[in-house]
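First comes the structure, then the notes that go with it.
FYI, it's all coordinate maths here, none of it is from the lab. Bear in mind that the values here come from a model prediction, so they are computed numbers and not experimental data. Every residue, glycine as well, gets a Cβ built from its backbone with ideal geometry; the counts of neighbours run over all protein chains shown.
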Amino acid sequence: MRVPQWIIEKKRDGQALSADEIGDFIQGYHAGEIPDYQMAALAMAIYLNGMSFEETAALTEAMMHSGKLLDTSGLSRPVCDKHSTGGIGDKVSLILAPLAAACGLAVPMISGRGLGITGGTLDKLESIPGYRTDLSEKEFLKVVDEVGCSIIGQTATLAPADKKLYALRDVTGTVPSIPLITASIMCKKMAEGLDALVLDVKTGRGAFMKTREDAESLAKNMVRVGDTMGKSVGALLTNMDIPLGHCIGNALEVRESIECLRGKVRGPLWEVTRELTAAMLLLCGKSPDWESARETLEDALGSGKALEVFRQMVAAQGGDPAVCDHPRELAAAGQTLPAPSPESGYVTDVNADAVGRAVLVLGGGRTRAEDGIDHAVGLSDLVTPGQSIEKGQALYILHGNDDKRIGQARELMRDAIQIADKKPEPPVLIYNRMMPL
Ligand code: URA
């Protein structure tokens, strides 16, 4: 028998753990034989001393095997998913899943809730009246088979050790660790029975990875773990200094996603979504190169096929598909308040961190895990760098339900948007592409 504290001491002293030591520890923690305080001590030792690639891969395997693996063998299409490390206004999954399905992929997407100031796909989808994110595994696979995609929340059976460890890391200052994040994300994705996976690793003020260097290391680590497990994994490193799109807040983002699926949104939101979906088509051998993948995606969008898949997914999961035709049926806030620009010029910066905080205080995010959220609140019509603006024109429209919260959000937004006389260079949206091909 391995004594847990000897394993903790070994990592504390900077030594590498064997795959068996890691496997036993995770198994013991999952079984309730190793208490939270010992797991927290090991997580802190990993946070401080890091892990080799081999240790990270072993941790991923151990957490993946703490639960069941999704059996996707009955699906006839290539099975592919995308995971984002999270950002402000990141509604890509809502557009990408039906788009990829419309192009012949099966997308069994298991998503999360908002974390910190970043929004969560589940919270967004739950602003659609009736939409269920808690399908059973059987229901989930049925929707993927019949519609092509389904988006639900984490199940109790998939990588349960990560669920327990993540909650512990959240309250012990051990979230921002590259090996721990790698294992946490990859164990869940590898349990989904995928053929391929695309990672959207976001970096900047509104992301967990603030520097390009850290984001690159995380992306490389995750791609390599996927490769070791025999999966085709690619990663795009994307800009999260500025929010993605013009709407931030749950129902508002669903509205913008539907607009995008109608082909009415171009610019950064569409470009980032298109490139991530193109990477999925490449990894699954559905397109020979980026250019033809982009053409396929433009066709799926332009023909209305992607919107139709979204409509079917919403209906199959108990949601009201009428929101696709009348997005105004989504929850709306009591007050909509335009924020007039104090001057004319060009927008040179929009701070994603400030925008995320403003939406959180409006009630669109949580301050405690058990909090509910207000789906209706947020910002819409938010300007973007490069846009010209006249004095008095709205920089954004604030959607709120509570005067005190509205005041706090306005304060947070006070210096979030910069304006100058000279038009800035367009922001770089994708810093790097790591593809295994
Ligand atoms: N998302 C996860 O699922 N796990 C992490 O550790 C960080 C972000």
Problem - Tilt relative to the chain, helix 212-228 - C-alpha long axis, 0 to 90 degrees, to 10 - result: 50
Practice task
For every other residue with a beta carbon closer than 13 angstrom to the beta carbon of VAL233, add +1 if it is Lys or Arg and -1 if Asp or Glu, then tell me the sum.
Solution key: +1
Handout entry: FRET efficiency, ASN49 to ASP227 (Cβ-Cβ, R0 22 Å, nearest 0.05)
Key = 0.35
Completion exercise
The local net charge around LYS189, scoring Lys/Arg +1 and Asp/Glu -1 for residues other than LYS189 whose Cβ lies under 9 Å from its Cβ, equals 0
Exercise for the section: Would you kindly compute the Cα radius of gyration of the stretch 80-326 and its largest Cα-Cα separation (Dmax), both in Å? Expected result: 16.7, 49
Problem - Protection proxy ranking, peptides 251-257, 205-211, 36-42, 330-336, average beta carbon neighbours within 10 Å, highest first - result: 251-257, 205-211, 36-42, 330-336
Completion exercise
With DSSP loop assignment and no more than 15 other C-beta atoms within 10 Å, the GluC sites (Glu not before Pro) in the stretch 23-56 are GLU33
Exercise for the section: May I ask for the Rg/Rh ratio of the stretch 204-282, computed from Cα atoms with Rh as the Kirkwood radius, given to two decimals? Expected result: 1.03
Handout entry: GLY204 long-range amide H proximity, modeled H, under 5 Å
Key = MET209, LYS210, THR211, MET240
Exercise for the section: Of the listed pairs LYS189/LYS286; LYS189/LYS220; LYS91/LYS391; LYS10/LYS163; LYS142/LYS220; LYS11/LYS189, which have alpha-carbon separations greater than 23 Å here? Expected result: LYS91/LYS391; LYS10/LYS163; LYS142/LYS220; LYS11/LYS189
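Is it possible to state the helix-based mean residue ellipticity at 222 nm for the chain, with each DSSP H run of 4+ residues giving -39500 (n - 2.57), the sum divided by total residues, to the nearest 500 deg cm²/dmol? What is it?
Using -39500 (n - 2.57) per qualifying helix, the result is -13500 deg cm²/dmol.
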Problem - nm² value of the averaged projected area, convex hull over the Cα atoms of the chain - result: 20.4
Practice task
Quick one: angle between helix 19-30 and the longest Cα principal axis of the chain, in degrees between 0 and 90, rounded to 10, please.
Solution key: 70
Exercise for the section: Could you tell me the largest-minus-smallest coordinate of the C-alpha atoms of the stretch 4-50 on each of the three principal axes, in descending order and whole angstroms? Expected result: 26, 20, 15
Exercise for the section: Sum up the charges of everything whose Cβ sits under 11 Å from the Cβ of MET434, counting Lys and Arg as +1 and Asp and Glu as -1, but leave MET434 out. Expected result: +1
